[in-house]
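Visitor: One structure follows; several queries about it will come next.
The values are calculated or read from the model by the stated rules, or taken from the named source; none is laboratory data. Since the structure is predicted, the reported quantities are computational estimates derived from the model, not experimental observations. Don't worry about glycine lacking a Cβ; one is built from the backbone with ideal geometry, like all the others, and counts go over all protein chains shown. For the accessible areas, the whole protein counts, side chains as well, though only heavy atoms, and no ligand, DNA or RNA atoms are used. Shrake-Rupley method; radii C 1.70, N 1.55, O 1.52, S 1.80 Å.
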Amino acid sequence: MLNLHNMTSHPLFEQRSSDYIRWYPKSLTPFGPTQTLRPESLLQGIYIHVPFCDQLCLFCPFNKRQSQAELVNQFVDALCHEIQLYRPHVHQSALQFIYFGGGSPSVLSPQQFHRIISGLSQAFTFTPGLEISVEAHPSHLNREYLAALKETGVNRISSGIQGFDDEFLKRIGAQHSAAQAFSAIEATTATFGTMAIDLLFRCEGQTLPHWESQLTQALQLPGVNHISCYSMIAEPMDKLPDVMMEAEMTLLAHELTQQAGMVHYASCASGGFDFCPPGQECRYEAQHWGAPQASFLGLGPGAFGFMGGQTTVNCLDVNHYIKSLAAGRLPLASVTAATPEEAQRRYFVLGVKTLNVPLAPFEQLFGQPAHTVFEREFQQLASLELARHTPESLTLTPLGRLYVDTVSSIFFSPQERNVPHPEEPEIRRAELETRQLV
Ligand code: SF4
């Protein structure tokens, strides 16, 4: 059984969230006219970034800007064009997930969703049971909007509820009230039956009993079947509860969700923990991180994707995105092909995010058993008590589940180890270089 001492006495405790990655290999490669996009033989998913919000929250690091109706319309036109431009690059498709992230995709009207989803269905093949997820702002979730959204084929709603206390929501700079949070959950679960929510912890001034009360309320809400808990990352960090308190809050989330019948099945974002009852995992999270990873298009400003063995990163700037597509060009800032060695590493760097990595598909994909290619890494993880392997899988230990980013970083190649994960300034630089090449 895990306790605070096990967690905080580990030699890597202080650095456990410092190696967060969103894609791998991490390097960016500006995309000039002499480079080609490799075709994808079997496309499995779509991620769409909708970079608009009604108002901007203080704590939020995502690519977004204030919503304006005319710009949103132009964005939807451009997005539909982007879908069409990818068609010749995809030989076959069997989509298992479409994920609208942001920003607040719920700034889009049901008609705009209908247009985008119809465009996708004309370009690609939908599999039965396709998951179509939409991240939605609590203030947008009323019954009329949700019923119309359901008509478009959307079948999963996820919302950044963050907490159930007005004073707390105000302090973190969220733009909704506790009443709106409750009303959003009531309307969504009434329409869709279930709902995914995000909660924030380790916020300025937050105590352990406060965090307990937020979790307890969330777990008592009928229909809430997926909870992602995110540790606050905001400057200055010294104003936030310290790492020991963060550890206590993390353990409390594990304990209470487990008591409620949920399991921790993934840790996708830095300092994040995804919980749900068994069998109700988010397919997008499980398949684009979990090994063997799905191929997926990243559409919209700042989206990243993985197709034809290449990581694509779109430009961040909405106006540039619209202009590129109006000129018939994909709005790519970077396209990076993984070398054979990096592709093997990617399998584990991303795969450990879902806590269990099957080994047989590795051998089928790369022609070598994983335990010989990564003998040193497997041994290191075993000696750190963070993961164990059997002939079937590499599985994170209960302790390793609290150190997912650390486990992930153990698979970085020497070249990638010292490359910081690209953030906005680096992506903007790649975007500028690409513009100069075009
Ligand atoms: S609404 Fe969501 S995406 Fe938009 S600024 Fe707030 S937290 Fe970020």
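Visitor: Taking residue 104 as the residue in question, decide whether it is within 16 Å of the ligand (Cβ to nearest atom), among the hydroxyl-bearing types (Ser, Thr, Tyr) and either under 20 Å from the mean Cα position of the chain (by Cα) or within 22 Å of residue 188 (Cα to Cα) (or both).
Guide: The answer is yes for residue 104.
Visitor: Residue pairs, Cβ under 6 Å, 6 or more apart or interchain, first in region 46-69 and more than 30 Å from residue 127 (Cβ to Cβ), second basic (Lys, Arg) and near the ligand (Cβ under 8 Å from one of its atoms). List them.
Guide: 53/64
Visitor: Is it the case that some residue within region 195-205 is surrounded by fewer than 21 Cβ atoms within 10 Å (Cβ to Cβ), away from the ligand (no atom under 16 Å from the Cβ) and part of a helix (DSSP H, G or I)?
Guide: No: zero hits.
Visitor: Now a separate question. Output the qualifying pairs, or none if there are none: Cβ atoms under 6 angstrom, residues six or more apart or on different chains, first residue in region 93-112 and part of a loop (DSSP other than H, G, I, E, B), second residue within 14 Å of the ligand (Cβ to nearest atom).
Guide: What qualifies is 103/50; 103/51; 103/52; 103/53; 103/64; 104/53; 104/137.
Visitor: With the condition kept exactly as written, say whether any residue in region 122-139 is touching a Cys at 6+ places or on another chain (Cβ under 6 Å), touching a residue at least 40 places away in the same chain (Cβ under 8 Å) and open to solvent by 10 Å² or more (accessible area, probe 1.4 Å).
Guide: Scanning region 122-139 turns up no residue that is touching a Cys at 6+ places or on another chain (Cβ under 6 Å), touching a residue at least 40 places away in the same chain (Cβ under 8 Å) and open to solvent by 10 Å² or more (accessible area, probe 1.4 Å).
Visitor: Where in region 350-438 are the helices (runs of 4 or more DSSP H), entirely inside, with at least 2 residues that are over 28 Å from residue 265 (Cβ atoms) and in contact (Cβ under 8 Å) with a residue 24 or more places away in the chain?
Guide: Correct list: 424-437.
Visitor: I'm checking my understanding of the structure. Among residues of region 134-160 that are among the hydrophobic types (A, V, I, L, M, F, W, C) and more than 11 Å from the ligand (Cβ to nearest atom), which one is nearest to residue 196 (Cα to Cα)?
Guide: Residue satisfying both the conditions and the ranking: 157.
Visitor: How many residues are closer than 30 Å to residue 433 by Cα and either over 19 Å from the mean Cα position of the chain (by Cα) or surrounded by 17 or more Cβ atoms within 10 Å (Cβ to Cβ) (or both) when one looks only at region 9-19?
Guide: Final tally of qualifying residues: 1.
Visitor: Go through region 23-79 and count every residue that is among the hydrophobic types (A, V, I, L, M, F, W, C) and near the ligand (Cβ under 10 Å from one of its atoms).
Guide: 9
Visitor: In region 215-272, how many residues are assigned to a helix (DSSP H, G or I), open to solvent by less than 10 Å² (accessible area, probe 1.4 Å) and more than 14 Å from residue 201 (Cβ to Cβ)?
Guide: Residues that pass the stated criteria total 0.
Visitor: Counting only residues that are away from the ligand (no atom under 16 Å from the Cβ) and open to solvent by 40 Å² or more (accessible area, probe 1.4 Å), how many does region 166-192 have?
Guide: 7
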